[in-house]
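What follows draws every value from the coordinates through simple rules; no lab data is involved. Values in this document were obtained by computation on a predicted structure and should not be read as measured data. Ideal geometry is used to build each Cβ from the backbone, glycine not excepted, and the neighbour counts take in all protein chains shown.
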Amino acid sequence: ARSVHQIQSGQVIVDLCSVAKELVENSLDAGATTIEVRFKNNGLDLIEVQDNGSGISPDNYENVDDAAFRSALKHYTSKLSSYEDLTSLHTFGFRGEALSSLCALADFHITTAQAHQAPRANRLEFEISGKLRKTQIVAGQKGTTASVEGIFKRLPVRRRELEKNIKREYGKVLNLLHAYACISTDVKFSVRNTVGKTKNVVVFSTNGNRTTKENITNVYGAKTLSALIPLELELEYEPSGPMRHLGGGGQSHQLVIKGHISRPVFGEGRQTPDRQMFFVNSRPCGLPQIAKAFNEVYKSFNVSQSPFIFADFQMDTNAYDVNVSPDKRTILLHDAGALIESLKVSL
Ligand code: ADP
Ligand code: MG
């Protein structure tokens, strides 16, 4: 049986990207159709995510981050109803751990209202331990705003490290947010940043489009889109190695890859931006081996530049494992070798 150990982990929040990821996934889980991410000083002073989702039920306030309650119940999360759920994730979050980690790493507060409470909302403040310190009635519409101020302020070494690399880290967060914005159809997504006197500048936004294509146009521009062609592949590959004995009794895996990819431009010539986004069942994730396979195929046809790739791998939940890294960003594909061979042939 999958044990509690599997969902226990030390570090959910390791960098700026994990903060943005956890907050945005909570908003998506809450059914938000509008999500605004606000940075101050590229995230060093503030990362704040506002949504118009379900809001948090007052019954859950104590539970959001109450360490005592959580340890009594082991990792509380309102999204996990049974351990079986771990093998078939329908929502992004399932640890009930992200927000409590944030309390230890920064000043964290939430303002939240369910539909029937608006225009009254509750502002929740938490102790370092994650315990609810204070609630206060404030004005607010339906939805949730989660604010993370002074990330890593209690870990001076990590804070200095982040300050030193903030340009690069901020770039990484933007790439991740691009991916969420592009894959999230019917969600109006916007990102703003305040640096010095340039206040609340819109970094990018989407319009709540029905298609990923329109989202890509909003994020990367019509010019990028015009260089793309639809990507639609159906793959079948055989399980191999030790995993064969686990899922499906040796049945072959089936997989659909949907998205958009650069039109190959052969030889020297026009170049498309080097932007590559991968998703597994609409969850943004890094798939370095897969990226390598795409790039190799393009290269083998003498295509000068690595392609723009937006690829959603729609596959059986038992064909991969999201629990390998605490922050769930690394996904382990079972039978990756067979998958990649099959992918290269199809491409
Ligand atoms: P998880 O997402 O794994 O359940 P989190 O620590 O990220 O754990 O969040 C704890 C709980 O707080 C969630 O299960 C959910 O009930 C509530 N929550 C957090 N963010 C939001 C949000 N933006 N909208 C509604 N509920 C939220
Ligand atoms: Mg979560």
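Determine, from the Cβ-Cβ distance of HIS116 and ASN207 and an R0 of 51 Å, the FRET efficiency 1/(1 + (r/R0)^6), rounded to the nearest 0.05.
0.95
As a quick test, which of the pairs LYS167/LYS199; LYS172/LYS199; LYS40/LYS188; LYS188/LYS213; LYS21/LYS153 have an alpha carbon distance above 23 angstrom in this structure?
On the way: LYS167/LYS199 18 Å; LYS172/LYS199 21 Å; LYS40/LYS188 21 Å; LYS188/LYS213 14 Å; LYS21/LYS153 20 Å.
Cα-Cα > 23 Å for no pair; all within.
Please give the contour-minus-distance gain from ASP186 to GLN314: 0.36 nm per residue of separation, less the Cα-Cα distance, rounded to one decimal in nm.
44.2 nm
Need the full-extension length gain, LYS344 to GLU125, defined as separation in residues times 0.36 nm minus the C-alpha distance. One decimal, nm.
73.7 nm
At a Förster radius of 22 Å, what calculated FRET efficiency corresponds to the Cβ-Cβ distance of GLU214 and SER282, to the nearest 0.05?
Once the sixth-power term is evaluated, E becomes 0.85.
Taking a label point 7 Å from the Cα of ALA104 along the Cα→Cβ vector, which residues of region 39-63 have an amide N closer than 19 Å to it?
Label zone hits: 63.
Using a Förster radius of 25 Å, what is the FRET efficiency between PHE301 and GLN254 based on their Cβ-Cβ separation? Nearest 0.05, please.
0.40
Where does each of 100-106, 278-284 land if you order them by average Cβ count within 10 Å, highest first?
Highest to lowest by the protection proxy: 100-106, 278-284.
If I model a spin label at ASN200 and ARG133 as a point 7 Å from the Cα along the Cα→Cβ vector, what separation in nanometres do I get?
For the pair ASN200/ARG133, the computed spacing is 2.7 nm.
Quick check: residue separation of ASN60 and ASN41 times 0.36 nm, minus the Cα distance between them. What number comes out in nm?
Result for the pair: 3.6 nm of gain on full extension.
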